[in-house]
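Engineer: Before I ask anything, let me first share the structure, which is written out below as structure tokens.
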Amino acid sequence: MLELLTATAAISPATGITGKWRVVRLCLDLAAQEWINVGVLFRSDDGQAIEQLVTSAAITGLGCFYDEDAVSNAHFLLDQARHALETQSSLPVGWNIGFGPEKFIRGDSAESIVNDLFLRMVPLGRHQITDRVDREDHQYATRPVRTQVRNIISRHLHLAQREYPPFWQRQPVTAQRDSVNVQMDIQIAGAVNDGRHIYGTISSAWYKTDYHRNASLSQGMRAVTLAREAFPNARPVMYLLQPPRTVQALTPNDHQAIGNDIETTRWLLHKIEAELRIATTVRTIARAILNDLSLVSQVT
């Protein structure tokens, strides 16, 4: 103890990292003011920025307590939060999602701080199911992508929460041909300026397994093929989500296989004079749909 009191050596500065953190909160019931924590955000004093949000699968689990529309809205809001954090932009004012107050924190590293805060502040994420791309129900699979695109379009057109865009088909499109009711898995059906109609389907190639990816692509090709046969003067379009090369859950071989399948799809659609729109984000798909229908110039 005496040595400690009489030592003349300078005290070493504390090691680690300092900064401010905030919790990301989501409200599924404004009337009841039921807010839940869905993520944490950390900004260090030296400029590092890192965040962690719950997976789409964890949000889907809220279906045990809320209806389908509320869960769908939660998916959309979480997607908006991801986009805002990735682009360092502000969240839309008045929406059911926001940040808690900033608080100071010190830790060994930005990653360890975020991991520790996430475990302590986000109970929903403690036992969340990993959003694996080798499953058929991850957030960028065909069905969730359709919901995300629809929500983005609805928000952009300033529709009410549960209101569908006028051109969005909630049920398969049916046409009677040769005394047969032909059903098509079409989500987009609307007229354009030249008087022709667009019949479009939304599909995803964002699958690690060949089985799920081929099933998704085959379903989309079948829809536009039937639309071409049923409506010869229309424009059949397949809107396809392709994972960007930066997705770490997919290996270079996975990306190569996905690219090969997409090129095969492109060739088959070209043979029947159908169009293929490829995008790496759901926002780009929403923008393409609105542009094709000549409704707006862009989606923000």
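Engineer: Looking at region 70-91, I want the residues that are touching a residue at least 12 places away in the same chain (Cβ under 8 Å) and have a partner that is surrounded by fewer than 16 Cβ atoms within 10 Å (Cβ to Cβ) with Cβ atoms under 6 Å, at least 6 apart or on another chain. Which pairs are those?
Structural biologist: Short answer, once both residue conditions are applied: Val71/Gly63.
Engineer: Scan region 245-253 and give yes if some residue there is part of a loop (DSSP other than H, G, I, E, B) and open to solvent by less than 40 Å² (accessible area, probe 1.4 Å), otherwise no.
Structural biologist: Going through region 245-253, the residues part of a loop (DSSP other than H, G, I, E, B) turn out to be 245-251.
Pick out the ones that are also open to solvent by less than 40 Å² (accessible area, probe 1.4 Å) and you get 247, 250.
Scanning region 245-253 turns up at least one residue that is part of a loop (DSSP other than H, G, I, E, B) and open to solvent by less than 40 Å² (accessible area, probe 1.4 Å).
Residue-wise test of (1) modelled with pLDDT of 95 or more; (2) aliphatic (A, V, I, L, M).
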residue: Val192; (1), (2): no, yes
residue: Ile202; (1), (2): yes, yes
residue: Met221; (1), (2): yes, yes
residue: Leu241; (1), (2): yes, yes
residue: Arg245; (1), (2): no, no
residue: Leu250; (1), (2): no, yes
residue: Ile278; (1), (2): yes, yes
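Each row is one residue, and each column tells you yes or no for (1) in contact with a strand residue (DSSP E or B) (Cβ under 7 Å, 6 or more places away or on another chain); (2) closer than 26 Å to Asn151 by Cα.
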site: His212; (1), (2): no, yes
site: Ala215; (1), (2): no, yes
site: Tyr239; (1), (2): yes, yes
site: Pro244; (1), (2): no, yes
site: Leu250; (1), (2): no, no
site: Trp267; (1), (2): no, no
site: Lys271; (1), (2): no, no
site: Ile278; (1), (2): yes, yes
site: Thr284; (1), (2): no, yes
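Engineer: Which members of region 254-296 meet the condition of being under 17 Å from Thr225 (Cβ atoms), among the charged types (D, E, K, R) and outside any strand (DSSP E or B)? Walk me through it before giving the result.
Structural biologist: First, pick out the residues of region 254-296 that are under 17 Å from Thr225 (Cβ atoms): 261-262, 264-277.
After this cut, where a residue has to be among the charged types (D, E, K, R) as well, the list is 261, 266, 271, 273, 275, 277.
Of everything in region 254-296, those that are under 17 Å from Thr225 (Cβ atoms), among the charged types (D, E, K, R) and outside any strand (DSSP E or B) turn out to be Asp261, Arg266, Lys271, Glu273.
Engineer: List every residue pair whose Cβ atoms lie under 8 Å apart, where the two residues are 6 or more positions apart in sequence or sit on different chains, the first residue falls within region 31-54 and is more than 12 Å from Leu78 (Cβ to Cβ) and part of a loop (DSSP other than H, G, I, E, B), and the second residue, located anywhere, is of a type in the set (Phe, Trp, Tyr) and open to solvent by less than 50 Å² (accessible area, probe 1.4 Å).
Structural biologist: Note: pairs meeting the criteria are Gln48/Phe42.
Engineer: Enumerate the pairs (first residue in region 220-234 and farther than 8 Å from Tyr199 by Cβ; second residue anywhere and among the β-branched types (Val, Ile, Thr) and open to solvent by 40 Å² or more (accessible area, probe 1.4 Å)) with beta-carbon separation below 7 Å, excluding pairs fewer than 6 apart on the same chain, so at least 6 apart or on different chains.
Structural biologist: Between residues of region 220-234 that are farther than 8 Å from Tyr199 by Cβ and residues that are among the β-branched types (Val, Ile, Thr) and open to solvent by 40 Å² or more (accessible area, probe 1.4 Å), the close pairs are Thr225/Ile272; Arg228/Ile272.
Engineer: Here is a check on your reading of the model: is Pro166 open to solvent by less than 70 Å² (accessible area, probe 1.4 Å) and closer than 24 Å to Ser72 by Cβ?
Structural biologist: Values: open to solvent by less than 70 Å² (accessible area, probe 1.4 Å): no; closer than 24 Å to Ser72 by Cβ: yes.
When the stated conditions are applied, Pro166 does not pass them.
Engineer: Would you pick out the residues in region 202-225 that are within 21 Å of Ile272 (Cβ to Cβ) and open to solvent by 40 Å² or more (accessible area, probe 1.4 Å)?
Structural biologist: Asn214, Ala215, Ser218, Gln219, Arg222, Thr225 - these are the residues of region 202-225 that are within 21 Å of Ile272 (Cβ to Cβ) and open to solvent by 40 Å² or more (accessible area, probe 1.4 Å).
Engineer: Another question, if that's okay. On the basis of being more than 24 Å from Val173 (Cβ to Cβ), in contact with a helix residue (DSSP H, G or I) (Cβ under 8 Å, 6 or more places away or on another chain) and aliphatic (A, V, I, L, M), does Leu240 make the cut?
Structural biologist: Values: more than 24 Å from Val173 (Cβ to Cβ): no; in contact with a helix residue (DSSP H, G or I) (Cβ under 8 Å, 6 or more places away or on another chain): yes; aliphatic (A, V, I, L, M): yes.
Against the criterion (more than 24 Å from Val173 (Cβ to Cβ), in contact with a helix residue (DSSP H, G or I) (Cβ under 8 Å, 6 or more places away or on another chain) and aliphatic (A, V, I, L, M)), Leu240 does not qualify.
Engineer: Which number in (1) within 20 Å of Leu117 (Cα to Cα); (2) out of contact with any helix residue (DSSP H, G or I) (no Cβ under 6 Å at 6 or more places or on another chain); (3) open to solvent by 60 Å² or more (accessible area, probe 1.4 Å) marks the one condition that Thr60 misses?
Structural biologist: If we test Thr60 against (1) within 20 Å of Leu117 (Cα to Cα); (2) out of contact with any helix residue (DSSP H, G or I) (no Cβ under 6 Å at 6 or more places or on another chain); (3) open to solvent by 60 Å² or more (accessible area, probe 1.4 Å), just (1) comes out false.
Engineer: Tally the residues that are out of contact with any strand residue (DSSP E or B) (no Cβ under 6 Å at 6 or more places or on another chain) and of a type in the set (A, V, I, L, M), restricting the search to region 163-191.
Structural biologist: So the answer is 1.
Engineer: Oh, and also: Among the residues of region 1-34, which ones are at pLDDT 85 or above and either open to solvent by 90 Å² or more (accessible area, probe 1.4 Å) or aromatic (Phe, Trp, Tyr) (or both)?
Structural biologist: Trp21
The values are calculated or read from the model by the stated rules, or taken from the named source; none is laboratory data. Nothing here was measured: the structure is a model prediction, and the numbers come from that model. We place every Cβ from the backbone using ideal geometry, glycine too, and count neighbours over all the protein chains shown. Only protein heavy atoms, including side chains, enter the accessible area calculation; ligands, DNA and RNA are left aside. Shrake-Rupley method; radii C 1.70, N 1.55, O 1.52, S 1.80 Å.
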